[in-house]
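Shown next, in structure tokens, is the structure this report addresses.
The values are calculated or read from the model by the stated rules, or taken from the named source; none is laboratory data. Note that the coordinates shown come from a computational prediction; the quantities given were computed from them, not determined experimentally. Neighbour counts are summed over all protein chains in view; Cβ atoms, including those assigned to glycine, are modelled from backbone coordinates with ideal geometry. The area values use the complete protein model at the heavy-atom level, side chains included, leaving out ligands, DNA and RNA. Shrake-Rupley method; radii C 1.70, N 1.55, O 1.52, S 1.80 Å.
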Amino acid sequence: MNESQYTELLDGLMLAIEDAIDDSELDIDYENSAGIMTLTCPDNSKIILSRQTPLLQLWMAARSGGFHFDYHVEEHEEQGEWLLDGKGESFLVMLNRCLSEQSGEPVNLTL
């Protein structure tokens, strides 16, 4: 993947997260600026998603820790997914888990 493809993937992901939050009616605010998305939960805790362009990674900082995701595409697949570096857990699963923990209510965003 080159930098242009990486940027396009993350732009799409950030927009999808915004749309999913808007559609969910959850009390989660978001701000997207300069490649960093900040999600603010009702208790004012934050989850920060940041682009790590030199590494072609997506990083997430939450109360439970920092997580690094790489984009993986299976052979013969058109679309890939962001997976937790070294563990293979899906970005969306981790995001929903962290949002649920920090917001105090079940969160199940679909992108």
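Only Cα pairs within less than 10 Å get springs; with that Gaussian network setup on the chain, which residue of Ala34, Ala20, Ala61 has the largest fluctuation?
Ala34
Would you mind checking the tilt of helix 91-103 against the longest principal axis of the Cα atoms of the chain, expressed as 0 to 90 degrees and rounded to 10?
10
So how tilted is helix 3-24 from the main axis of the chain? Cα-based, degrees 0 to 90, rounded to 10.
30
Per residue of the chain, what 222 nm ellipticity follows from adding -39500 (n - 2.57) for every DSSP H run with n ≥ 4, rounded to the nearest 500? Mind dumping the intermediate values first?
Working: 2 runs with 35 residues, N = 111.
Dividing the helical sum by the residues of the chain leaves -10500 deg cm²/dmol.
Could you tell me the calculated FRET efficiency between Met1 and Arg97, based on Cβ-Cβ distance and R0 = 25 angstrom, to the nearest 0.05?
Details: r = 26 Å, r/R0 = 1.04.
Step by step, r from the Cβ atoms, then E = 0.45.
Counting only heavy atoms of protein chains, what accessible area per residue, in Å², does the chain have with a probe of 1.4 Å? Provide the component values of the computation, followed by the final result.
Working: 6590 Å² over 111 residues.
For the chain, the per-residue accessible area is 59 Å².
Percent of accessible area on the stretch 1-94 owned by carbon and sulfur, 1.4 Å probe?
Details: 2590 of 5690 Å².
Whole-percent figure for carbon plus sulfur exposure: 45.
Run the dipole for the chain about the Cα centre, Lys and Arg Cβ at +1, Asp and Glu Cβ at -1, nothing else charged, and hand back the magnitude in debye, nearest 20. Walk me through the numbers before you get to the answer.
Numbers: 5 positive and 22 negative charges, 116 e Å.
The calculation lands at about 560 debye.
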